[in-house]
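Peer 1: Supplied in structure tokens, the structure appears directly below.
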Amino acid sequence: MKNKEIKILLAAPRGFCAGVERAIEIVKKSIAKYGAPIYVRHEIVHNKYVVDSLKKIGAIFVEELREIKDKSRPVIFSAHGVPKSVPTEADEYKIEYIDATCPLVSKVHREAENLYKAGHHIVLIGHVNHPEVIGTMGQLPKNSIDLIQNENDVENYTLEAGKKIAYVTQTTLSVDDTKNIIASLKKKYPKIKEPYKEDICYATTNRQSAVKNIAKNCEMFFILGSQNSSNSVRLVEVAQQSGCKDSELIHSESEIPFDKIQNCKTIGISSGASAPEILVENFINKIKTKFNVKIDEVEIVKENIIFKVPGKLN
């Protein structure tokens, strides 16, 4: 096997986005400021490696605030955002909280609120039960926002006569799939109000474009990321739809399919916005133990966006 040469096309940009970098930084700075333990409501970002490394330095992850044993300790809200009921609940418990919601998710929250205040009924394009969707829907009163997951949902959707309608989207969706859903919505509701600026975030768009750019030249494509990471799962779909049918997610329990790689000349690699670069390095190093590897990094755009952490942590 070792004599076999494999070419790796490495997609760039890949991996951590500014929102994820900021969320991880918030946990680290909170532990430095308040000492351990610090509680985090929901996985700070959807990646096991990141979550485990933060547990080691004193983060305790809970799904609900009531699980917090010592309510004198601060809690951090994850990058995905939370419904309005969560800060209210924290106030009732008198728990100090630090909000690590990605600023681009917060933008969607504000947008939904403003559209609602302007008298629109809101449609959210997203995936059921994803924490970001739960957070966005939780910004508005019940029955004022509905979830649409696909074109079929658009077809079956009915709106009360005379109501104004607007849409917002989850930030980590497939750009192409979302375009089709939006087109269906516009066809059905020609006067639907759209966001001033697209809601799918720059990092999701860039990572999908980078994968699309090289997928057709690969016999296999590997995306490093967690199974519950929406943007990582979307990258696998994008690779498949862009000409590399044999694309898969490599997560913490994955076995590397060396026997299938053996039959390839060129493979593609990228990683989701919540996956640290060390996972890509480790994956490539494992491939190097079996094959001679030639790496070609294909960059489509430089990312230099940084989001500041809350002032009280500086």
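Bear in mind these aren't lab numbers, they're just calculated from the coordinates by the rules spelled out. Keep in mind it's a predicted model, so treat the numbers as computed, not measured. Here Cβ is always computed from backbone atoms with ideal geometry, including for glycine, and neighbour counts include all displayed protein chains.
Peer 1: Which entries in Lys28/Lys193; Lys216/Lys290; Lys142/Lys186 show an alpha-carbon gap greater than 30 Å? Each step should come with its number before you reach the end.
Peer 2: Working: Lys28/Lys193 40 Å; Lys216/Lys290 24 Å; Lys142/Lys186 24 Å.
Pairs exceeding 30 Å: Lys28/Lys193.
Peer 1: I would also like to ask the following. Whole angstrom only: what separates the Cα centroid of segment 213-292 from the Cα centroid of segment 125-184?
Peer 2: Segment 213-292 and segment 125-184 have Cα centres separated by 30 Å.
Peer 1: List, in order, the whole-Hz ³J(HN,Hα) value for each residue of segment 219-225 obtained from phi through the Karplus relation with A = 6.51, B = -1.76, C = 1.60 and θ = phi - 60°; use x for Gly and Pro.
Peer 2: Values per residue, Gly and Pro as x: 8, 9, 9, 10, 10, 7, x Hz.
Peer 1: Kindly provide the helix-only [θ] at 222 nm of the chain, computed as the sum of -39,500 (n - 2.57) over DSSP H runs of four or more divided by all residues, to the nearest 500 deg cm²/dmol?
Peer 2: Value at 222 nm, helices only, nearest 500: -11500 deg cm²/dmol.
Peer 1: Per residue, what volume in Å³ does the Cα convex hull of the chain take up? Walk me through the intermediate numbers first.
Peer 2: Working: hull volume 44.4 nm³, N = 314.
Output value, Cα hull per residue: 141 Å³.
Peer 1: For His80, His130, what's the fewest-to-most ordering of other Cβ within 10 Å of each Cβ? Intermediate results must be reported in sequence, preceding the final value.
Peer 2: Details: His80 27, His130 18.
If I rank by nearby Cβ atoms, fewest first, I get His130, His80.
Peer 1: Using the number of other C-beta atoms within 10 angstrom as an exposure proxy, rank Ile300, Ile98 with the fewest first. Can you show the working numbers first?
Peer 2: Numbers: Ile300 15, Ile98 20.
Result, fewest neighbours first: Ile300, Ile98.
Peer 1: For Lys71 and Glu96, compute 0.36 nm times the residue count separating them, minus their Cα-Cα distance, and round to one decimal in nm.
Peer 2: Details: separation 25, 0.36 × 25 = 9.00 nm, distance 0.85 nm.
Extra length available between Lys71 and Glu96 comes to 8.1 nm.
Peer 1: Taking other Cβ within 10 Å of each residue's Cβ, how do Phe222, Phe283 sort, fewest first? Write down the numbers at each step before the final one.
Peer 2: Details: Phe222 28, Phe283 18.
Going from least to most buried by this count: Phe283, Phe222.
Peer 1: Can you list the residues, at least 5 places off or on another chain, whose amide H is less than 5 Å from the amide H of Ile6, using H built in the peptide plane?
Peer 2: Excluding prolines and chain starts, which carry no amide H, the hits are Asn292, Val293, Lys294.
Peer 1: Could you pull out every residue, at least 5 positions away or on a different chain, whose amide H is within less than 5 Å of the one on Val123? Hs are placed 1.01 Å off N in the peptide plane, and Pro or chain starts have none.
Peer 2: Asp146, Ala166, Tyr167, Val168
Peer 1: Same structure again: Taking amide H positions as placed in the peptide plane 1.01 Å from N, state which residues far from Tyr97 in sequence (5 or more) or on other chains have amide H under 5 Å from it.
Peer 2: Val75
Peer 1: Then there is this: Each residue of segment 185-191 in turn: what ³J(HN,Hα) in whole Hz from Karplus with 6.51, -1.76, 1.60 and θ = phi - 60°, glycine and Pro shown as x?
Peer 2: 4, 5, 5, 6, 10, x, 9
Peer 1: If you wrap a convex hull around the alpha carbons of segment 103-199, what volume per residue comes out, as a whole number of Å³?
Peer 2: 94
Peer 1: Next question. Residue by residue through segment 161-174, which ³J(HN,Hα) values in whole Hz follow from phi under the Karplus form 6.51 cos²θ - 1.76 cosθ + 1.60 (θ = phi - 60°), with glycine and proline marked x?
Peer 2: Result, rounded to whole Hz: 4, x, 7, 7, 10, 9, 10, 9, 9, 4, 7, 10, 7, 6.
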